[in-house]
Amino acid sequence: MNFKGKKVLLTGGAGFLGSFLAEEMLRQEAELMIFDRFSQGTSRIEAIQNHPLLEVVQGDLAEYELILKVVRGKDFIWHLAGNTDIPLGIGDTRTDINDGLMATRHVLEAMRETGVRKIVFPSSGAIYGERNTGLRSESQGPTLPISLYGQARWPVKPLSAPTPIFLEFKPGFFDMAMSSAEGSAMERYWISSV
């Protein structure tokens, strides 16, 4: 998909994967809005903060009225925001419920209410639990998450399944690989619509 001139919302845009995606969206000349609460700071987006096609909004996905404002008028949403601190989620179970399931529900509901039709959001290999050998695949099943983070990422998938209640979806998967001086990451993404 060509993002030139598209109005794009990127939740979690100051995080590890989000910051790479933000750079790519700006390279493609998307009109990008990063929505993040900056729990990991802003250092990953310092190099792009003054880009003329970028707007940065600090907020929490629990703030539904604010979500409605930032979703309205967008052509496309990348929903990467979520808790990445698994020990925190184990210590306080509300963290993964609020930052995973409820936050995504707010984004999807705001999309329904404002007529925005396209979203990509991450599931996670954490939904499959631990494996000792080989690569993970969505066809392997069963899903046996060992953390609330994994459990909170799994219910989101059915929320975005094809249904007239929410949006028009064309589900599928893609893999995103990123690397930097800080490290590298490989993540599988569930495409809800492209």
Inset, instruction - Of the numbered conditions (1) at pLDDT below 95; (2) more than 12 Å from residue 106 (Cα to Cα), residue 61 fails exactly one; give the number of that condition. - result: (2)
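In segment 36-45, is there at least one residue being charged (D, E, K, R), in contact with a Lys or Arg (Cβ under 9 Å, 6 or more places away or on another chain) and surrounded by 16 or more Cβ atoms within 10 Å (Cβ to Cβ)? I'd like the intermediate steps shown before the answer.
To start, the set of residues in segment 36-45 that are charged (D, E, K, R) comprises 36-37, 44.
Those left that are additionally in contact with a Lys or Arg (Cβ under 9 Å, 6 or more places away or on another chain): none.
No, every residue in segment 36-45 fails to be charged (D, E, K, R), in contact with a Lys or Arg (Cβ under 9 Å, 6 or more places away or on another chain) and surrounded by 16 or more Cβ atoms within 10 Å (Cβ to Cβ).
Which one is nearest to residue 103 (Cα to Cα), of the residues in segment 33-65 that are part of a helix (DSSP H, G or I) and of a type in the set (Val, Ile, Thr)? Quick ask: steps written out before the conclusion?
Taking segment 33-65 as the starting set, the residues that turn out to be part of a helix (DSSP H, G or I) are 43-48, 64-65.
Among the residues that remain, those that are also of a type in the set (Val, Ile, Thr) are: 45, 48.
On the way: 45: 22, 48: 26 Å.
Filtering segment 33-65 for residues that are part of a helix (DSSP H, G or I) and of a type in the set (Val, Ile, Thr), the one nearest to residue 103 (Cα to Cα) comes out as 45.
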Inset, instruction - Considering only residues that are modelled with pLDDT of 95 or more and either among the aliphatic types (A, V, I, L, M) or more than 12 Å from the chain's Cα centre (by Cα) (or both), look in segment 4-18 and name the one that is surrounded by the fewest Cβ atoms within 10 Å (Cβ to Cβ). - result: 4
Legend entry - Near pairs, Cβ below 8 angstrom, 6+ apart or cross-chain, from segment 52-76 (of a type in the set (Val, Ile, Thr)) to any residue that is open to solvent by 70 Å² or more (accessible area, probe 1.4 Å): 56/49
Inset, instruction - Return yes or no: is residue 1 farther than 18 Å from residue 103 by Cβ, in contact with a Lys or Arg (Cβ under 9 Å, 6 or more places away or on another chain) and in a loop (DSSP other than H, G, I, E, B)? - result: yes
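With respect to residue 115, determine if the residue is modelled with pLDDT of 65 or more and either among the aliphatic types (A, V, I, L, M) or open to solvent by 40 Å² or more (accessible area, probe 1.4 Å) (or both). Steps first, answer last, please.
Working: modelled with pLDDT of 65 or more: yes; either among the aliphatic types (A, V, I, L, M) or open to solvent by 40 Å² or more (accessible area, probe 1.4 Å) (or both): yes.
Against the criterion (modelled with pLDDT of 65 or more and either among the aliphatic types (A, V, I, L, M) or open to solvent by 40 Å² or more (accessible area, probe 1.4 Å) (or both)), residue 115 qualifies.
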Inset, instruction - Taking residue 25 as meeting all but one of (1) open to solvent by 10 Å² or more (accessible area, probe 1.4 Å); (2) closer than 25 Å to residue 114 by Cα; (3) touching a residue at least 12 places away in the same chain (Cβ under 8 Å), write down the number of the exception. - result: (1)
Legend entry - Pick from segment 66-96, criterion in contact with a Gly (Cβ under 7 Å, 6 or more places away or on another chain) and assigned to a helix (DSSP H, G or I), ranking: surrounded by the most Cβ atoms within 10 Å (Cβ to Cβ): 96
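The values are calculated or read from the model by the stated rules, or taken from the named source; none is laboratory data. This structure is a prediction, so every number in the text was calculated from the model and none was measured. Glycine also receives a Cβ, built like all others from the backbone with ideal geometry; neighbour counts cover every protein chain displayed. Note: areas computed on protein heavy atoms with side chains; ligands, DNA, RNA excluded. Shrake-Rupley method; radii C 1.70, N 1.55, O 1.52, S 1.80 Å.
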